[in-house]
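Heads up, the thing below is written out as structure tokens.
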Amino acid sequence: MDAALMSDLPRTVDDSFDRVVCEREAQVLRVAYRILGNWTDAEDTAQDVFVRLYRHGVKFPNDAAMGGWLYRVTVNLCLDRLRSSRTPLNLPELRCQELSAEASAIREEQKQKLMTALGTLPAKERAAVVLREIEGLSTADVAQILGSKEGTVRSQVARAIAHLRAILKREE
């Protein structure tokens, strides 16, 4: 009987891990893409995030704790990748569905401009604005993820938004 339970244990852990990957993959990819600016690096980073999750184990008190951990690991890996590459970002456009051709073209152009403008921000400011303004996390959550104080996050987001407005205004 114990042997049967033990043989089921790895499958249960693997099933839990698979379920978490299915539920959280889009979140991790979205954040990584918005910080890194290309799908190849975002996919590589997401893979690294889930490898770390597998090593860590799916042992969190609740979904919020796991979500915070995933955000933090994702952002940290993205920042590490940006620091190591130090190459200018060429940010491709985001895809949008279910719009008319004209609206879709306008929206794609706006997204391209925003992604290009995001690529000009310093990495920490980019991460702060992506998490706070695009992902909709609270300032406290962003501060915890980035290992900063709330006031620092607020100033990073304010500087980033001012910078983005200036760039986008120049392009009009």
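The values are calculated or read from the model by the stated rules, or taken from the named source; none is laboratory data. Since this is a predicted model, take the numbers as computed values, not measurements. Note: ideal-geometry Cβ built from the backbone for every residue, glycine included; neighbour counts use all protein chains shown.
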All but one of (1) loosely packed, with under 13 Cβ neighbours inside 10 Å; (2) within 15 Å of the chain's Cα centre (by Cα); (3) modelled with pLDDT under 90 hold for Met115, so report the exception by its number. (1)
Which is assigned to a helix (DSSP H, G or I) and either within 19 Å of Thr120 (Cα to Cα) or modelled with pLDDT of 90 or more (or both), of Arg55, Arg30, Arg11, Arg19? Arg30
From (1) more than 17 Å from Asp141 (Cβ to Cβ); (2) in a helix (DSSP H, G or I); (3) touching a helix residue (DSSP H, G or I) at 6+ places or on another chain (Cβ under 9 Å); (4) among the aliphatic types (A, V, I, L, M), pick out the condition that doesn't hold for Ile35. (1)
Can you tell me which residues in the stretch 20-69 are among the basic types (Lys, Arg), in contact with a Leu (Cβ under 9 Å, 6 or more places away or on another chain) and surrounded by 17 or more Cβ atoms within 10 Å (Cβ to Cβ)? Arg24, Arg34
Is there a residue in the stretch 81-94 that is of a type outside the set (Val, Ile, Thr), crowded, with 16+ Cβ neighbours inside 10 Å, farther than 20 Å from Arg52 by Cβ and modelled with pLDDT under 90? yes
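When only residues in the stretch 117-146 that are touching a residue at least 12 places away in the same chain (Cβ under 8 Å) and of a type in the set (Ser, Thr, Tyr) count, which is nearest to Leu36 (Cα to Cα)?
Filtering first and then ranking leaves Thr120.
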